[in-house]
Amino acid sequence: MLFARQLTSLGAAAVMLVPPPAAGIHRPFWGPDGHRIVAQIALSRLSPAVADETRRLLDGQNIPDVASWADEHRRDLPGTAPWHYIDIEITDTSYVPARDCKDGACIIAALATQTAILGDRSRPDSARGIALRWVVHLVGDLHQPLHAGERGDRGGNDVKVTFQGKPTNLHSIWDSGLLLAWGQSDEEIEQSIENEIAHRNDIAAISGGSVVQWAMESHDIARDMVYRDLPQSLVIDQHYADLARPIIRDRLLRAGVRLGALLERTLGGKTR
């Protein structure tokens with residue numbers, strides 16, 4: 001009951017802070033598989049103290065358990081839909097807040113706000129726990145290329161494609177369709193990425209950078225691969241899927257590494 005009241009309060013605040021999307025607009029997000037993989041990679045990189053603090057703020061749950069919380073509770077969080085993405089035209093080369101994040105209604109602003117709440121130990125644990133759920137989810141969303149780059153088509157939602165013989169849209173296949181087509185379990189994908197991390201020498205560099213830089217990285221991938229290599233027939237063939245696979249894998253890796261580093265920076269040091 002307490003958690004339900006917290007959701008109600010957050011939803012009411014969201015209505016005041018963020019204008020609701022236009023009627024009829026619906027945008028799916030990284031599927032639960034991608035979000036869980038990202039959170040599991042992050043969890044494996046947390047120090048014991050920070051991992052314990054995340055569990056304390058989540059009432060005993062681990063961050064993979066709440067990775068899709070923001071999607072699952074969308075109906076309880078009116079007005080927060082724009083928090084999951086930022087529409088930067090692929091012809092643009094930089095992030096301009098006044099143009100791309102009007103009234104703070106975008107993933108870059110939302111992630112900054114929720115990270116600040118999470119790191120503020122003067123806040124109630126209930127508020128910080130909700131902020132943690134948002135941070136875990138939004139870092140994952142930010143690394144899906146079509147959550148940062150688009151060409152007037154709502155991040156590919158309006159691009160109707162055929163994949164595996166079924167009608168769908170470009171955004172949906174990048175959310176989950178291409179990942180599920182690998183035919184591997186979340187655990188197999190996560191372990192494979194963990195093995196790669198163990199043998200790379202650029203993980204420290206990947207961990208750095210700003211949220212804006214992470215967003216523009218996704219934007220540039222949307223421009224340079226997602227749209228550029230899209231078959232004119234809009235039938236997603238094996239060639240396109242093969243091009244997408246290492247990119248999706250790398251986005252999951254980077255999101256997991258960066259989420260872990262962000263939580264360490266935000267929750268590290270003295271905890272309760």
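May I ask you to give the solvent-accessible area per residue for region 40-131, in square angstrom, as obtained with a 1.4 angstrom probe?
Accessible area per residue: 44 Å².
With all protein chains present, how much of the accessible area of region 161-272 (probe radius 1.4 Å) comes from carbon and sulfur, to the nearest whole percent?
Result for region 161-272: 50 percent of the exposed heavy-atom area is carbon or sulfur.
Membrane-span-like helices in the chain: DSSP H runs reaching 30 Å or more (Cα, own axis), mean Kyte hydropathy at least -1.0?
238-267
Which of these values of percent of Cα pairs over 35 Å apart was calculated from the structure shown: (i) 9; (ii) 17; (iii) 13?
Here the calculated entry is (iii).
Express in Å², to the nearest 10, the accessible area of R154 obtained by rolling a 1.4 Å probe over the protein heavy atoms while all chains stay in place.
Here the accessible area works out near 60 Å².
Starting from the Kirkwood Rh over alpha-carbon pairs, what translational D in µm² s⁻¹ does region 171-272 have by Stokes-Einstein at 4 °C and 1.567 mPa s?
84 µm²/s
Please compute, over every Cα-Cα pair in region 173-216, the percentage with a separation greater than 13 angstrom.
Every Cα pair in region 173-216 considered, those over 13 Å come to 69 percent.
Mean residue ellipticity at 222 nm from the helices of the chain, using -39,500 (n - 2.57) per DSSP H segment of n ≥ 4 over the full residue count, to the nearest 500 deg cm²/dmol?
So the calculated ellipticity at 222 nm is -16000 deg cm²/dmol.
Taking only protein heavy atoms into account and a 1.4 Å probe, give the accessible area per residue of region 175-272 in Å².
Computed with neighbouring chains in place, this is 48 Å² per residue.
Over region 81-127, with every protein chain in place, what whole percent of the accessible area is carbon and sulfur at 1.4 Å, could you tell me?
55 percent
When only Cα pairs under 8 Å and 6 or more residues apart are kept, what is the percent relative contact order across the chain?
The normalised contact order for the chain reaches 28 percent.
For region 223-272, what is the largest minus smallest coordinate of the Cα atoms on each principal axis, given in angstrom and ordered from greatest to least?
Over region 223-272, Cα extents along the principal axes are 57, 17, 14 Å.
The values are calculated or read from the model by the stated rules, or taken from the named source; none is laboratory data. The model shown is predicted, which means the values in this text are computed figures rather than measured ones. The area values use the complete protein model at the heavy-atom level, side chains included, leaving out ligands, DNA and RNA. Shrake-Rupley method; radii C 1.70, N 1.55, O 1.52, S 1.80 Å.
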